[in-house]
Structure formats: C-alpha cells, structure tokens
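The values are calculated or read from the model by the stated rules, or taken from the named source; none is laboratory data. What you are looking at is a predicted structure, and each value in this text was computed from that prediction instead of being measured. All Cβ positions, even for glycine, are placed from backbone atoms using ideal geometry, and neighbour counts span all protein chains on display. These accessible areas exclude ligands, DNA and RNA; they are computed on the full protein's heavy atoms, side chains included. Shrake-Rupley method; radii C 1.70, N 1.55, O 1.52, S 1.80 Å.
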Amino acid sequence: MSRALSELFDRALAFGGYTHTRADIAEGVKVGRFHYFGDDKCAVVAEIVEYPQDRKLNVFIAAGDYSRMMQHVLPKLKAFARDNGCSALTTTARHGFLKRLPPVGWKPTHTVFELKLEGRE
C-alpha cells in the first residue's frame, strides 16, 4: 500500500470511529472474516453479514481513487458477493456520497444515527 493510500486508509478508519485497527483488518483478512479488494491506488475492505433471512456484503472501509474503485473494484465486489450467495452490497458512508453513489447504482435506504454512551470512549 503506497504512503498516500495508507494515509487515506487511516483516515477511513478514523471516520469510521476507530472500530477497527490495521491489525484487526489484517487478522480478519488472514482468517477469512474480512475480504480485501484493491491495488496501489485504492483499498476496499468488506465482510459478509449473515441475517436470518438474507446475506449481504458490507463494505466498511473504502479509501483511495474513487473512479478506480467504481470502475475496477466494484465489479469484483459484485462478483464476489454473487459467488458467495449475497443479495446486495451495503455500506455506511459520509453524506457527500449521497451525490456520488447513486449514479453508479447505489440507492440510499437508511440513515445511520449514533448515540455515544457515557463512560465509553
């Protein structure tokens, strides 16, 4: 991973609320819980989420060249999801993506709210 991409990846981890560290991601990929897609220009990390009645591929880290992600990585994500019995891809993203994702087929379905709990940091 290039230094510039590495910095963007760290920003994505920060924006996500530091729910994962790089070590968490590496371990998750190693054991097959997480799936890494990308190259020297972009990085995407996803996991299959099992629901009682469905299965979806959730993209929870995306960093780097947006155009490359949409042109080269998104088709790989779709194929991986189909091959693994997923009905859809999901992601939680910042509000700016409300303009960027619908033109490539994503539809907003929910808004995520968060309530921080006192005593937890």
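A Stokes-Einstein calculation at 37 °C with viscosity 0.692 mPa s, built on the Kirkwood radius of the stretch 26-70 over Cα pairs, returns a diffusion coefficient of 289 µm²/s. Seen from Ala88, the other residues with C-beta closer than 15 Å to its C-beta sum to a net charge of +1, counting Lys and Arg as +1 and Asp and Glu as -1. Each of Thr19, Thr91 has its accessible area taken with a 1.4 Å probe; listed largest first, they run Thr19, Thr91. Each residue of the stretch 99-104 was assigned a 3J(HN,Hα) from its phi angle through the Karplus curve 6.51 cos²θ - 1.76 cosθ + 1.60 (θ = phi - 60°); the sequence is 8, 8, 7, x, x, 10 Hz, with glycine and proline shown as x. For Met69, the shell of other residues with beta-carbons less than 12 Å away shows a net charge of +2, using +1 for Lys and Arg and -1 for Asp and Glu.
Shape verdict for the stretch 37-94, please, from the Cα gyration tensor: rounded (a/c under 1.5), prolate (a/b greater than b/c) or oblate. Judged from the Cα gyration tensor, the stretch 37-94 comes out prolate (a/c at least 1.5, a/b above b/c).
How large, in percent, is the carbon and sulfur part of the accessible surface of the chain at a probe radius of 1.4 Å? Taking all protein chains in place, the chain shows 53 percent carbon and sulfur surface. Helix content alone sets the calculated 222 nm mean residue ellipticity of the chain: runs of n ≥ 4 DSSP H residues at -39500 (n - 2.57) each, divided across all residues, give -8500 deg cm²/dmol. So, counting K/R as plus one and D/E as minus one, what does the shell of residues with Cβ under 12 Å around Leu101 add up to? Once all neighbours under 12 Å are counted, the net charge is +4. Net charge dipole, the chain: roughly 400 debye, given to the nearest 20, about the Cα centre with Cβ charges of +1 for Lys and Arg and -1 for Asp and Glu. Each peptide in 31-44, 60-73 was scored by the mean count of other Cβ atoms within 10 Å over its residues; highest first, the order is 60-73, 31-44. Going by the alpha-carbon gyration tensor, a ≥ b ≥ c the square roots of its eigenvalues, is the stretch 1-60 rounded (a/c under 1.5) or, if a/c is not under 1.5, prolate (a/b greater than b/c) versus oblate? The shape class here is prolate. Solvent exposure of the stretch 7-121 amounts to 73 Å² per residue of accessible area, where only protein heavy atoms count and the probe is 1.4 Å.
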